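To keep things clear, I will list the structure first and then write my remarks on it.
The values are calculated or read from the model by the stated rules, or taken from the named source; none is laboratory data. Just so it is clear, the model here is predicted, and its values are computed rather than measured. Cβ placement follows ideal geometry from the backbone for every residue including glycine, while neighbour counts extend to all protein chains displayed.
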Amino acid sequence: TIGEVAEDIGFKAYAVGGFVRDLLQKQKNLDLDIVVEGDGIIFAKQLVKTLGGRVRTHDRFKTANITLANGFKIDVATARLEYYEYPAALPTVELSSIKLDLYRRDFTINAMALQLNPALFGTLIDFFSCQNDLKDKLIKVLHNLSFVEDPSRILRAVRFEKRMDFKIARHTERLIHGAVKMDLFGKTNNPRIFTELKQIFEEENPILAIRRLADLELFQFLWPDLLPNLKIDRRFLHIIRQAQQAISWFHLLYLDEPIEPWRVYLLAIMARSRPRQIETFCERFQIHDHICRELIIQKLTADEIGNKLYGRIPEKNSEINQMLKNLTNEGLLYLMAIARKKEIKKTVSLYVTSLRNVQSLLNGDDLKKLGYIPGEQFKKMFSDITDARLDGLVKSREDEKQFIL
Ligand code: CTP
């Protein structure tokens, strides 16, 4: 259908990028990227007329995002020749716009396209022998200026390498070293860098990628404050590993509470940093103030609790509740990551899986019937009853009534 819509309005449409890469590897990919030779916006609007769904257009870039009724997402871009101004100008006249579009992409494995127009539907377009690199499991740039153009691609290289168990090709790795020497990262505060870092932290197991970032000497740009005593030492790795375990554990609980793993990893990496250094990180990567504040508060709170729990685990469940109630899920997972004793992790896990859900059996109506007036007093009573339940002092509704009398 997509190809037919393009054909009807005289455009050529191609599936490109990660979608093609994953398809060739028989991996699932739920985002479809389409490039059209023609006008992407006209095409996207036409497509939505045919398939239904919603479209958001960005006129300046001639791109559009479509969300179909079933949630499937399609990004549409326009391949335009005038778009591509190269320092080392290419013989543009000889190149079709799809070829240039692909040439401008990050890595060969992401630079293939599939024809969508009916006559040639499904034909693979591979100008740069990308398929070979995919077979050989190599991450390779298409040209030497790739990282100069967009240093965030260095993080992408690391992410793809570790996610798919590929290898960054020798020449490409040399270009990364070159970029590091030229301080390419240091000069930009390109928000894309943080977006890519976040993506690394969203991977199932980012530990190898984090180590690779360190080996490629990228920590000096990302976390300069870690540097003077930058040892990817045992404690550092231990914390990251515990963070990863805590996040996996949390996912397995299927709590239906979304978490943002990047926050846990960032705090884990910066476990030994001061608030000021977190602020500097946030400023560099244009992270919103309120997010920055939240990160700092969670870290300080969890650090303090971590120390207390290291000294003594409270005997009373109500006390544990009181201690942990101001931590978000990410703060709790960070606390598990920095835990220096098994018992600390156990305590947090008990809190997450059971203590924090304990409530009184009596409700507001019950209290009213007993003659109490809603307001501040209610809150205090509920909290007292909950504490009593947590500590095993009351079990039934009757117990609770007795307890408040
Ligand atoms: N791309 C690029 N340079 C970047 C970011 C993206 O050339 N800095 C191109 C790549 O061709 C990529 C496509 O844009 O395939 C889509 O980018 P994105 O959705 O971020 O990546 P995917 O390849 O789809 O990877 P993922 O599976 O992680 O979504």
Kindly establish whether F19 is of a type in the set (F, W, Y) and either within 16 Å of the ligand (Cβ to nearest atom) or closer than 24 Å to K135 by Cβ (or both).
-> yes
Within the bounds of region 133-142, is there any residue that is touching a residue at least 60 places away in the same chain (Cβ under 8 Å) and farther than 30 Å from I9 by Cβ?
-> yes
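Pick from A64, A44: which is away from the ligand (no atom under 16 Å from the Cβ), surrounded by 21 or more Cβ atoms within 10 Å (Cβ to Cβ) and at pLDDT 95 or above? Full working, then the answer.
Details: A64 fails: away from the ligand (no atom under 16 Å from the Cβ).
From the options A64, A44, the qualifying one is A44.
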For region 328-369, enumerate the residues that are more than 30 Å from I269 (Cβ to Cβ), touching a residue at least 12 places away in the same chain (Cβ under 8 Å) and either among the small types (G, A, S) or out of contact with any Ser or Thr (no Cβ under 8 Å at 6 or more places or on another chain) (or both).
-> S360, L362, G364, D366, L367
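In the list D225, D215, which residue meets the criterion of being more than 19 Å from the chain's Cα centre (by Cα) and under 21 Å from E283 (Cα atoms)?
The unique qualifying residue is D225.
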Taking interchain pairs and intrachain pairs at least six residues apart, which have beta carbon atoms under 7 angstrom, with the first residue in region 10-26 and touching a residue at least 40 places away in the same chain (Cβ under 8 Å) and farther than 18 Å from E37 by Cβ and the second within 12 Å of the ligand (Cβ to nearest atom) and among the β-branched types (V, I, T)?
-> R21/I109
If we scan region 214-233, do we find a residue that is free of Cβ contacts under 8 Å to residues at least 24 places away in the same chain and either touching a Gly at 6+ places or on another chain (Cβ under 6 Å) or among the basic types (K, R) (or both)?
-> yes
Could you check region 331-405 for helices (runs of 4 or more DSSP H) lying wholly inside it with 2 or more residues that are closer than 26 Å to I240 by Cβ?
-> 342-353
Scan region 206-221 and give yes if some residue there is β-branched (V, I, T), at pLDDT 85 or above and in contact with a Phe, Trp or Tyr (Cβ under 9 Å, 6 or more places away or on another chain), otherwise no.
-> yes
Output the number of the condition that P258 fails; it satisfies all remaining conditions of (1) at pLDDT below 95; (2) touching a helix residue (DSSP H, G or I) at 6+ places or on another chain (Cβ under 8 Å).
-> (2)
